[in-house]
1. Filter the range 221-234 for residues that are open to solvent by less than 40 Å² (accessible area, probe 1.4 Å) and either closer than 24 Å to S18 by Cβ or touching a helix residue (DSSP H, G or I) at 6+ places or on another chain (Cβ under 7 Å) (or both) and give the result.
2. Among the residues that make up the range 147-169, is at least one of them in contact (Cβ under 8 Å) with a residue 60 or more places away in the chain, within 17 Å of A89 (Cα to Cα), assigned to a helix (DSSP H, G or I) and open to solvent by 30 Å² or more (accessible area, probe 1.4 Å)?
3. Is the range 78-97 home to any residue that is more than 13 Å from the ligand (Cβ to nearest atom), open to solvent by 60 Å² or more (accessible area, probe 1.4 Å) and within 25 Å of N131 (Cα to Cα)?
4. Which condition does D66 not pass, out of (1) more than 15 Å from L132 (Cα to Cα); (2) surrounded by 15 or more Cβ atoms within 10 Å (Cβ to Cβ), if it passes all the others?
5. Quick check on this structure: which one of K30, K26 is away from the ligand (no atom under 13 Å from the Cβ), in contact (Cβ under 8 Å) with a residue 12 or more places away in the chain and buried (at least 16 other Cβ atoms within 10 Å of the Cβ)?
6. Condition first: part of a loop (DSSP other than H, G, I, E, B), open to solvent by less than 80 Å² (accessible area, probe 1.4 Å) and of a type outside the set (S, T, Y). Now tell me which residues in the range 203-220 satisfy that.
7. So, of the residues in the range 221-233 that are part of a loop (DSSP other than H, G, I, E, B) and more than 16 Å from the ligand (Cβ to nearest atom), which turns out to be modelled with the highest pLDDT?
8. State all residues of the range 186-202 that are part of a loop (DSSP other than H, G, I, E, B) and open to solvent by less than 100 Å² (accessible area, probe 1.4 Å); if no residue qualifies, say none.
Amino acid sequence: MQINKTIVVTGAGGVLCSTLAEALAKQGHKIALLDLNKTAAVKVADKINKSGGLAIGIQANVLEKDSLISAKEEVNATFGKCDILINGAGGNHPLGTTTNPFLEADDLMNKTEGFKTFFDLDPKGIQFVFNLNFIGTLLPTQIFAQDMVGKKGCSILNVSSMNAFTPLTKIPAYSGAKAAVSNFTQWLAVHFSKVGVRVNALAPGFFLTEQNRTLLTNNDGSLTSRGNQIIEQTPMGKFGEPEDLVGTTLWLCSEGASFVTGVVVPIDGGFSAYSGV
Ligand code: NAD
């Protein structure tokens, strides 16, 4: 990778993208860590700076253009033009999630408080998830890719999911939103192909993070039945570690991937290749 690129990472205070930011900083790049949670972004930036890297933590909302514009002004003033954008902010919402994987005939009759079928899904929850994952990828791209047009060695890395290939039960909003992120990755790769900006995506499998810890593990650390199902469906038989995303990220952001655009790379221990039989 060419040294001293300016790399903007959204959702950089989170588990996966803080690891990517630290790894990219170790390669000598200048890292702007954007997150809704300023404390989290600044904490990661401080860690990078203390270990000899160059980073800045900036509060930014990927759903607000004005917030992104002022973040860009701060990035440009501190580190110059943005070369690489990693759209990492994303996540799910309980209001876009059903209680059970399958609808059963008597679910509608015997409903208890808090039990959510497909028919109870709240459009506000669905909209939250589509906005965060899809609009939250599109808007930062509109703002930061303006720096990249016509400049050499620029690229964008989106963060999709296994759900984009085949939806997981219970989370239709998140699955649809990540499918939109994968589709947008291809669309944008084609759209930007004449101006030298490559666009690719990571499709992480299952990583234990704060977002999914209660879905996948019990209080005592043992796996929930959903956690067990995921491990059984993962040929390598384990969750991924955030560091497992680093190699693909470094590659896709480097000159070594200069003819690679529009790909969505599964990093999933074989989950997406396995039929379960
Ligand atoms: P995380 O919750 O640890 O990090 C997400 C970060 O995004 C948080 O720091 C949060 O403050 C920030 N954020 C939320 N809304 C924001 C907004 N409006 N503007 C700016 N920042 C905002 O999650 P993670 O598990 O590290 O996930 C990172 C990415 O990877 C997400 O896009 C997620 O959907 C995706 N992903 C995660 C997994 C997994 O197993 N954890 C699997 C596939 C894909």
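The values are calculated or read from the model by the stated rules, or taken from the named source; none is laboratory data. Fair warning: this is a prediction, and the values are worked out from it, not measured in the lab. We place every Cβ from the backbone using ideal geometry, glycine too, and count neighbours over all the protein chains shown. Please note that ligands, DNA and RNA were not included when accessible areas were found on the heavy atoms of the full protein model with its side chains. Shrake-Rupley method; radii C 1.70, N 1.55, O 1.52, S 1.80 Å.
1. Passing the criteria: T224, R226, G227, I230, T234.
2. no
3. Looking for residues that are more than 13 Å from the ligand (Cβ to nearest atom), open to solvent by 60 Å² or more (accessible area, probe 1.4 Å) and within 25 Å of N131 (Cα to Cα), one finds at least one in the range 78-97, hence yes.
4. (2)
5. Details: K26 fails: buried (at least 16 other Cβ atoms within 10 Å of the Cβ).
Testing whether each residue is away from the ligand (no atom under 13 Å from the Cβ), in contact (Cβ under 8 Å) with a residue 12 or more places away in the chain and buried (at least 16 other Cβ atoms within 10 Å of the Cβ) leaves just K30.
6. So in the range 203-220, the residues part of a loop (DSSP other than H, G, I, E, B) come out as 205-206, 208-212, 218-220.
Right, trim to open to solvent by less than 80 Å² (accessible area, probe 1.4 Å) and you get 205-206, 208-209, 212, 218.
Passing the criteria: G205, F206, L208, N212, N218.
7. S222
8. Keep residues of the range 186-202 that are part of a loop (DSSP other than H, G, I, E, B), which gives 192-196.
Selection gives F192, S193, V195, G196.
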